[in-house]
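Trainee: Let me give you the structure first, and then I'll get to my questions.
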Amino acid sequence: MHHFSWIGYYLHIGHHHIHIAHAAFTALLLSLLGLVAYRKLRNTEEALVPGPKMSVPNIFEVACESLLGLMEGIMGPQAKDYFPIIGTLFIYIFVNNMLGVIPGFLPPTDNINTTLACGLVVFVYFNYIGIRENGLVNYLKHFAGPVIFLAPLMLVIELIGIMVRPVSLALRLFGNITGDHLVFGIFSDLVPIGVPVIFLALGIFVSFIQAFVFSLLSTIYVGLALPHGEEHHH
């Protein structure tokens, strides 16, 4: 099912590439909002007192504090070192998901190419962190397990598990957003008055939950890649 897109209409972009245009639109939008928030928060003294009204800096502050608190519960105080990448992924994926509930826009995350790209970013990042913090040899030893004669088997199993992680992240996000967007589109076409509001609320909820789950799993993967990662996880 192909849905109408303002970006595709005005820029004459075909269906097969429309997810790229919407993903770029999200990146541009978040860059502009980030610039606005930075300009507002640049004055440290003024930023200490929240504004009386809802604003872009306030939204960013609440989102960042909540996500950082979640990460600290999993990784401990060192979570702040890894917050920039996880926080960026959460906000980026959430806004991409939310495009699906706005008429005339399409969620880039209903395309497997977008979700797999996000999953590969996490895959490269947690492996980089693991090698940087443990050293290559110790990082590979972690996969081999404590029993020497089982090391070859454990290494193969662990490597397969590691390779599956980005695919799992991508398929979970892709499947849920595609299904939600499809259901919302069908009911909007069948009953255009009243009923779509229910699925609109459901779409917002699903958009948040899927971004949250993606960020949660990414945090766990990074935590497990750190020295004594299992202790941080528990």
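Trainee: Could you check Phe199 against (1) touching a Phe, Trp or Tyr at 6+ places or on another chain (Cβ under 9 Å); (2) in contact (Cβ under 8 Å) with a residue 40 or more places away in the chain and say which number it fails?
Mentor: Among (1) touching a Phe, Trp or Tyr at 6+ places or on another chain (Cβ under 9 Å); (2) in contact (Cβ under 8 Å) with a residue 40 or more places away in the chain, the lone unmet condition for Phe199 is (2).
Trainee: Still on this structure: Can you name the residue in region 118-137 that is free of Cβ contacts under 8 Å to residues at least 40 places away in the same chain and assigned to a helix (DSSP H, G or I) and is also surrounded by the most Cβ atoms within 10 Å (Cβ to Cβ) among such residues? Lay out the reasoning, then the answer.
Mentor: First, the residues of region 118-137 that are free of Cβ contacts under 8 Å to residues at least 40 places away in the same chain: 121, 124, 128, 131-132, 135-137.
Of the ones still in play, those that are also assigned to a helix (DSSP H, G or I) are 121, 124, 128, 131-132, 136-137.
Numbers: Val121: 17, Val124: 11, Tyr128: 12, Ile131: 15, Arg132: 12, Leu136: 10, Val137: 9.
That would be Val121.
Trainee: Sticking with this one: Being free of Cβ contacts under 8 Å to residues at least 60 places away in the same chain, more than 29 Å from Gln78 (Cβ to Cβ) and within 14 Å of the chain's Cα centre (by Cα) narrows it down to one residue among Leu171, Leu150; which is it? Before you say what the answer is, go through the steps one by one.
Mentor: Values: Leu150 fails: within 14 Å of the chain's Cα centre (by Cα).
Going through Leu171, Leu150 in turn, just one is free of Cβ contacts under 8 Å to residues at least 60 places away in the same chain, more than 29 Å from Gln78 (Cβ to Cβ) and within 14 Å of the chain's Cα centre (by Cα): Leu171.
Trainee: Please return the ranges of helices (runs of 4 or more DSSP H) entirely within region 1-117 where 3 or more residues are modelled with pLDDT of 75 or more and not β-branched (Val, Ile, Thr). Please lay out each step first, then the result.
Mentor: Working: elements: 6-11, 18-41, 44-47, 56-75, 79-98.
It comes to 6-11, 18-41, 56-75, 79-98.
Trainee: Working only within region 91-124, note down all residues that are of a type in the set (Ser, Thr, Tyr) and touching a helix residue (DSSP H, G or I) at 6+ places or on another chain (Cβ under 6 Å).
Mentor: Thr109, Thr114, Thr115
The values are calculated or read from the model by the stated rules, or taken from the named source; none is laboratory data. Because the structure is predicted, anything quoted here is derived from the model rather than measured. We place every Cβ from the backbone using ideal geometry, glycine too, and count neighbours over all the protein chains shown.
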